[in-house]
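Here is the structure we will look at.
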Amino acid sequence: MNRIKTCVFFCCGCLAVNASPAICAIRLTDVTAESGVAFRHTDGSSGQYYIVETVSAGLALFDYDNDGRIDIYFLNGAPLKGTKSTRRPRNALYRNLGQWRFEDVTEASGLGDTGFGLGVAVGDYDNDGDADVYLNNFGPNVLYRNNGDGTFTDVTETAGVDAGHQLGAGACFLDIEGDGDLDLYVANYLAFSYQAHEISTLGGHRAYRAPIHHRPLPDMLYRNNGDGTFSDISATAGIAAHAGWGMGIVCADYDNDGDTDIFVGNDVAENFLFRNNGSGVFTEIGMMAGTAYTADGNPGASMGVDCGDYDNDGWLDFKVTSYQQELSTLYRNLQDDFFDDVTQQSGAGGGTLPMVTWGVGIIDFDNDMDRDLFIACGHLQDNVDHYDDVTSYHQRNILLRNDGRGGFTDVSDTGGTGLQVKLSSRGAAFDDLDNDGDVDVVVLNSREAPTLLRNDSTSMGNWLQIRLQGKNSNRDGIGARVTVTAGDLSLIDEVHSGRGYQSHYGTRLYFGLGDHTLVDRVEVRWIGGGKDIFSAVKTNQLLTLVEGSGQGN
Amino acid sequence: MPTRTDRPKVSLIKSVGITLALLILGTAVLLLWTRGAAEPETARKPLAPRIEPPLISLELDGLSAETQTGLLRETAAQLAHRLVMAFPRTAEAHMLQGNTFRQLGQSAQALACWQEALALAPRRPDAYTYMAILAEEKGESAQALAHWEKVLALEPDHAGVRDSLAHTLMGLNRRDAAIEFLREELTLSPRSARTHYLLGQAHLREKRFPEAIDYFEKTLVLDPNFSQATYELATALVRSGRSQEAQLYRDKFQKRNKRQKKKDLYGFTAQDDLRKAKQSLASLATAAAGLYQAAGRNLTGLALLEEAVALDPENLERRKRLAARYQALGRPQEALGQCERIADLQPNDATCQMLIGSLNLQLGRHRQAESAFQRMVSLAPGQAYGYRELARLHLTTNNNLKQARTWAQQAVTLEPSAPNYYVLGLVYHRMGDASAALQALQQALQKDPGNQAYQESYRQMSLDRKHESN
C-alpha cells in the first residue's frame, strides 16, 4: 500500500491560482558548524589549472571501530607541481561520538594519507571482522589494513595494489567469482603528465582543459589471493581491453543472476557495463544494454553513479551524474540486459541542466517505501561566474522526491537548510549517522569545509536497517542481495563497497517501510549462492543477519 | 548619327560603353556575391568628410592570448553600449547588445536588452528565439515553451519552429502535443530529417515502437549520417524484440561515434578562445557597420567593417562585403585588394576571379584582368561567363580578335543567351563580318527584344552595312 505523500500546497495571496512549490516532508538540516568537523579540502591548486584538481574527491562513511556508529573519512588533495605548502594536507578520519559530535582521530588511526586523494572503497578484504580502506590516488594508491584496535597499517606493497601511480578515480571491493574474499576494481581517469599539460582559457579566463585532450586509460581488476596479496587480472578478466575516462563506479548484480557486475561511469565517452559471466570474467555490454549513452545517443560526461531499485520492481536501476547542459541520467532496468533512459519521463534530471553534478544517492529519505534522489552539484571551472551566469562555481545541491509512481519532483527549495548551502560539491555519502532510523548526508566540497546534513524529515515512515555478516562469503556481505517483504510491498537492496562519486557508503542497508509495522520476510541471497530467510521481523531496528543463521531455502 | 568617318570614334564610344557595362556588371555581381549585403541608398551618397572617433581601438600586440581575449570581450561590451547610445530607438541595436551580453555570459542583461528590443519592435521573432534558447539552457522549459509559441505566432510558416517547440514540449512530457506540432511541421517540410527524428523520439518515449521505428528509418533515408537516429532506431528495435537488427545499427553508431570522438580531440585551447572572441567582436562590428551605413555614417561603417575583417581575416563573407563597400564607395583599388586576398584564401573561387578581372579592367590593368578571366575559365570551363568576359576584354583592347571570336562562340555554345549573342555580334562587327554580326544581334534581340543597347547596336550595324554597300 502506498501511503499518500504529505505534500502541502500553498497559494500566494488570495487571488493566486498557480500552485507554489510543494512543501514536502524531507528536511535536511545543515549541522556542520556544531559537529566538530574542522576538515577543509584542498585540491592542490596553484593557478596552473591541472585537470587533476577538478576531480578531487570522494569520502567514506563506515564504522571503522565497530562501535555501532558510522564514522566519516574525508579524502584530500595534495600540493601539485608549483604549489607552495607549509603543511602537507592529509585525509581525515572523524570518529562519531554520537549526538552529532565528531572527533578527529586521523593521527591516532594512521589513516592520514598525504597522497592526492580521489576515490575510496571500504571492505573487509582479509575477512577479519573490521573494515579496511583502499585509496585510489593520483600517484600510488594505498591499501590500509584495519588492525582491529582503531589503527590502520599501510599494506599496499605486500598486497601489490598500488596500481602503477596513475590518475585514479573510483574504486570498489567486490567478490567477482564468489570465493568468499573481496577482489578489487580500480578505475583510472586519464593519462596526465605535467609535461603535456596546457592551460586553457574560457572567455579570457584561465580554465581547465577538457579530459578528451588526455588519453583514456583502462581500469584494473585485482583478484584477492586469500593470503593478503592480490593479482592483477585486468587482462584475463576482460577489463584491460577497454580504455575510458573512468570516474564513479558501482558494482551490482543488475541482471539478478547472483554474481556482481560492474558499471563504470566514463567522462566524455560511453559508460561501461561489465557483465560478469559468473566466474570473474567480464563482457562489456554497455552499448547494447543502453547504458553507454543517453537516450538520444550522446555520451554524457559521467561523474558519479549509484544503483537502487527506484521503482520497486525488483531490479536495480542506475543513476548517473554529468556535466552542465546534460541532465543527470536515470537508467531504468527493463530486465533482459536492457535499460531505458527515463530521465525525461521521470523528472529524475530535474534542476540538473545548468549544474555540474557529482555525488549521487538513490535513498529513501522519508522512509515512505520509495527511493528519492540526492545530487551533489558544483562547477569545476572556478572562473565560470565570470563568463557564464547561467551557471555558477558554487551551486546548491538537489533533492528530488520520488512520488511513488515512477516520477520525481524537485523539492530542493523546501528541503531544509542543508539544501540552501552553495558550494562546489564533489562526493556525497549517505548513512544513518545518529542511529535514529533515517539516512543522513555528508558532502565533500572542493576547496571548502564539508557539509553534514541531518535528516530531520517530518512524517517519517517505519524502517528497517540491516547489517550483514558473511561466514562463507565475505565478512561484510558485499554483493549480497536482500529482499524485504511486508504485505504486498517488496523492496530490494544490495551491499555495495564503493559507489556514487568515488565514495563509499551504505554498508548497512536501509529500508523505508511506510506504515508497515512488521516485516513478513527478509531474504538474504549471499554471494556464492547461499540463502537465508528470516520471518516476522520487527520494524524500526538495526538488525545484524549472520550468514547461515536464517532458514535456508 | 555617326558616319563612316566617325567609325574610330564610334569604336571608342563602344569601348567605353563596354567598360562601363563591365563595371556595372562587376559591381552588381560583387553585391550579389555578398548575398544580400546590398547597400542602403544612403551609402551611395558621396562620402562626407566627417571625423568620428574610432569605435574599436585595440592594441593587442605582445599581449598573452588570455589578456587579448579579455580585452576583446571588453571592447565588444563597449561597442554594444555605444551602439545603443547612438541608436536608442533602433531595436536592432538593443538586439545586438543583448546578443553581446549573452556571449559574455551575462544572460540577465541580455534578457533585458531583448525585451527592450521587443518594446520597440514587438514583432521580432529572433528576440523570442534567443529568449527561448536561454530558458532551455537554464532548464526553464515552461518559459521556453511560451517563447517558442510567440515565435510560432509571428512566423507560422517558418520551417523548424515547430521542431523547437515540440522538443520543448517533450521536455515537459507533453509528447502528444509535440507530435501534433511535428505533423504540422512535416506538411511544411516533408523532407526534414530532424522532424522525422523528433517524431520517432516522441513515439519511442510513448512506447509506440513500430511508429518510432518507421520515423527513425525515414530519418535515415533523408539523412543517412543522422547518428542519433541510428542510435534510437536501435533502441526501438530492441524494445520491439528485434535485437539482432538493433545490433547492426548500434555497431554503425559506434563506428561513427569513434570518428567523431577523434575529431573532438582538437580545440578548446587558449588560442581557440581568443579566436572565438575575435570572431564575436568581428560579427558585432559587422552588424554595427550595417547600422551606421543605414544612418548615412559611411566612414564609421566602413571603419567598423575594416576592423571586423582585420579581427577575423579568414571570414570570406565579411571580406566580400568589405570589397562591395569599397566598390560602392568608388574605391576599386581597395576592393581589388580584398578580392585578391579572398582568392589567396579560396583559390578555386571562380566568381572571385571574375571580380578580380572586372576590377583590374576598371583600373586599366588589362594583363591582370585577362589573367584573372583565364583563371576563371580554367576553374569553371562549363560556365559561359568567363569566355564572354575574355571576349569583351579583347574587344576593349582591340587585341587578337580571332581569339575573341572563339571565346564568344564558346560562350554562345555553352549558354545561348542574349548577352552572349550580343558580345559575339560585337566581335564579328569589329572583325568586319557585318552579316554574322547582324545575325548574332538578331539572336540577342529575339531573346531580349526590349533591350535598348541591343536595339541601338543593331541599328548602328545596319547603318554601317548600308554605308559599306553604298
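Results for (1) without any contact (Cβ under 8 Å) to a residue 40 or more places away in the chain; (2) open to solvent by 50 Å² or more (accessible area, probe 1.4 Å); (3) within 14 Å of another protein chain (Cβ to nearest Cβ), shown as yes or no for each residue.
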position	(1), (2), (3)
B:Thr300	no, no, no
B:Leu329	no, no, no
B:His366	yes, yes, no
B:Ala372	yes, no, no
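Taking B:Arg82, is it within 14 Å of another protein chain (Cβ to nearest Cβ) and assigned to a helix (DSSP H, G or I)?
The answer is no for B:Arg82.
More than 12 Å from every other protein chain (Cβ to nearest Cβ) and surrounded by 22 or more Cβ atoms within 10 Å (Cβ to Cβ), is that true of A:Asp368?
yes
Taking B:Glu92 and the conditions (1) more than 14 Å from chain A (Cβ to nearest Cβ); (2) open to solvent by less than 20 Å² (accessible area, probe 1.4 Å), which numbered condition does it fall short on, given that it satisfies the others?
(2)
Test B:Gly70 against the stated conditions and say whether it is modelled with pLDDT of 95 or more and part of a helix (DSSP H, G or I).
no
Name the strands (runs of 3 or more DSSP E) wholly inside segment A:431-500 in which the number of residues that are within 19 Å of A:Ala376 (Cβ to Cβ), in contact (Cβ under 8 Å) with a residue 60 or more places away in the chain and open to solvent by 10 Å² or more (accessible area, probe 1.4 Å) is 1 or more.
The qualifying strands (runs of 3 or more DSSP E) are A:451-455.
Can you find even one residue in segment A:394-405 that is within 12 Å of another protein chain (Cβ to nearest Cβ) and touching a helix residue (DSSP H, G or I) at 6+ places or on another chain (Cβ under 8 Å)?
Yes, there is a match, as at least one residue in segment A:394-405 is within 12 Å of another protein chain (Cβ to nearest Cβ) and touching a helix residue (DSSP H, G or I) at 6+ places or on another chain (Cβ under 8 Å).
If the Cβ limit is 6 Å and pairs must be 6+ apart or interchain, which residue in segment A:92-120 that is at positive phi pairs with which residue that is open to solvent by 10 Å² or more (accessible area, probe 1.4 Å) and β-branched (Val, Ile, Thr)?
A:Gly110/A:Thr151
Could you tell me which of the residues A:Pro140, A:Pro216 is open to solvent by 10 Å² or more (accessible area, probe 1.4 Å) and within 14 Å of chain B (Cβ to nearest Cβ)?
Answer to the check: A:Pro216.
Got a sec? Which helices (runs of 4 or more DSSP H) wholly within segment B:98-186 have at least 3 residues that are farther than 20 Å from A:Gln325 by Cα?
Qualifying helices (runs of 4 or more DSSP H): B:107-120, B:125-137, B:141-154.
Take segment A:82-96 and flag every residue that is modelled with pLDDT of 95 or more and either of a type in the set (S, T, N, Q) or open to solvent by 80 Å² or more (accessible area, probe 1.4 Å) (or both).
A:Asn91, A:Asn96, listed by residue number.
Could you give me the residue pairs with C-beta distances under 6 Å whose first residue belongs to segment B:228-250 and is within 11 Å of chain A (Cβ to nearest Cβ) and open to solvent by 10 Å² or more (accessible area, probe 1.4 Å), whose second residue is part of a helix (DSSP H, G or I) and of a type in the set (S, T, N, Q) wherever it lies, and which are 6+ apart or on separate chains?
B:Tyr249/B:Thr230
Out of A:Asp309, A:Asp337, A:Asp313, which single residue is more than 12 Å from chain B (Cβ to nearest Cβ) and either open to solvent by 20 Å² or more (accessible area, probe 1.4 Å) or not acidic (Asp, Glu) (or both)?
That would be A:Asp313, the only listed residue that is more than 12 Å from chain B (Cβ to nearest Cβ) and either open to solvent by 20 Å² or more (accessible area, probe 1.4 Å) or not acidic (Asp, Glu) (or both).
May I ask you to list the residues in segment B:291-327 that are of a type in the set (S, T, N, Q), part of a helix (DSSP H, G or I) and within 26 Å of B:Ser358 (Cα to Cα)?
Correct list: B:Gln293, B:Asn298, B:Gln327.
Is it the case that some residue within segment B:215-227 is part of a helix (DSSP H, G or I), modelled with pLDDT under 95 and within 20 Å of A:Phe339 (Cα to Cα)?
yes
Would you check if B:Ser64 is within 14 Å of another protein chain (Cβ to nearest Cβ), within 24 Å of B:Tyr128 (Cα to Cα) and either out of contact with any Pro (no Cβ under 9 Å at 6 or more places or on another chain) or modelled with pLDDT of 95 or more (or both)?
The answer is no for B:Ser64.
Only one of (1) open to solvent by 50 Å² or more (accessible area, probe 1.4 Å); (2) within 13 Å of B:Asn420 (Cα to Cα) is not met by B:Tyr454, so which one is it?
(1)
Matching residues to (1) open to solvent by less than 20 Å² (accessible area, probe 1.4 Å); (2) closer than 21 Å to B:Phe87 by Cα; (3) in contact with a Lys or Arg (Cβ under 6 Å, 6 or more places away or on another chain):
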| position | (1), (2), (3) |
| --- | --- |
| B:Gln115 | no, yes, no |
| B:Leu120 | no, yes, no |
| B:Met131 | yes, no, no |
| B:Lys138 | no, no, no |
| B:Ala142 | no, no, no |
| B:Glu149 | no, no, no |
| B:Leu152 | no, no, no |
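What number of residues within segment B:164-180 satisfy the criterion of being open to solvent by 10 Å² or more (accessible area, probe 1.4 Å) and either farther than 22 Å from A:Met355 by Cβ or touching a strand residue (DSSP E or B) at 6+ places or on another chain (Cβ under 6 Å) (or both)?
Selection size over segment B:164-180: 6.
Answer with yes or no whether B:Leu401 is surrounded by 14 or more Cβ atoms within 10 Å (Cβ to Cβ) and within 34 Å of the chain's Cα centre (by Cα).
The answer is no for B:Leu401.
Pick from A:Thr294, A:Thr321: which is of a type in the set (Val, Ile, Thr), within 12 Å of chain B (Cβ to nearest Cβ) and buried (at least 21 other Cβ atoms within 10 Å of the Cβ)?
A:Thr294
Report whether or not A:Asp130 is over 30 Å from A:Ser46 (Cα atoms) and open to solvent by less than 20 Å² (accessible area, probe 1.4 Å).
For A:Asp130, the condition - over 30 Å from A:Ser46 (Cα atoms) and open to solvent by less than 20 Å² (accessible area, probe 1.4 Å) - is met.
Could you figure out which of (1) open to solvent by 10 Å² or more (accessible area, probe 1.4 Å); (2) closer than 30 Å to A:Gly180 by Cβ; (3) within 14 Å of another protein chain (Cβ to nearest Cβ) isn't true of A:Pro299?
Checking A:Pro299 against (1) open to solvent by 10 Å² or more (accessible area, probe 1.4 Å); (2) closer than 30 Å to A:Gly180 by Cβ; (3) within 14 Å of another protein chain (Cβ to nearest Cβ), the one that fails is (2).
Could you list all residues from segment B:187-210 that are surrounded by fewer than 17 Cβ atoms within 10 Å (Cβ to Cβ) and either assigned to a helix (DSSP H, G or I) or within 12 Å of chain A (Cβ to nearest Cβ) (or both)?
B:Thr187, B:Leu188, B:Glu206, B:Lys207, B:Pro210
With open to solvent by 30 Å² or more (accessible area, probe 1.4 Å) and away from chain B (no Cβ under 14 Å) as the only criterion, which of A:Glu177, A:Glu198 stands out?
A:Glu177
Just to be sure before I move on: is A:Gly258 in a strand (DSSP E or B) and touching a Gly at 6+ places or on another chain (Cβ under 7 Å) in the structure I sent?
In short, no.
Taking segment A:201-213, which residues are under 25 Å from the mean Cα position of the chain (by Cα) and at the interface with chain B (Cβ under 7 Å from one of its Cβ atoms)?
Within segment A:201-213, A:Ala210, A:Ile212 meet the criteria.
Take the conditions in contact with a helix residue (DSSP H, G or I) (Cβ under 8 Å, 6 or more places away or on another chain), at pLDDT 95 or above and assigned to a loop (DSSP other than H, G, I, E, B) and apply them to A:Gly238. Does it pass?
When the stated conditions are applied, A:Gly238 does not pass them.
The values are calculated or read from the model by the stated rules, or taken from the named source; none is laboratory data. Since we're looking at a predicted model, the values are computed, not measured. Using ideal geometry, Cβ is built from the backbone for each residue, glycine included, and neighbour counts are taken over all protein chains shown. Surface areas here come from the heavy atoms of the whole protein model, side chains and all, with no ligands, DNA or RNA. Shrake-Rupley method; radii C 1.70, N 1.55, O 1.52, S 1.80 Å.
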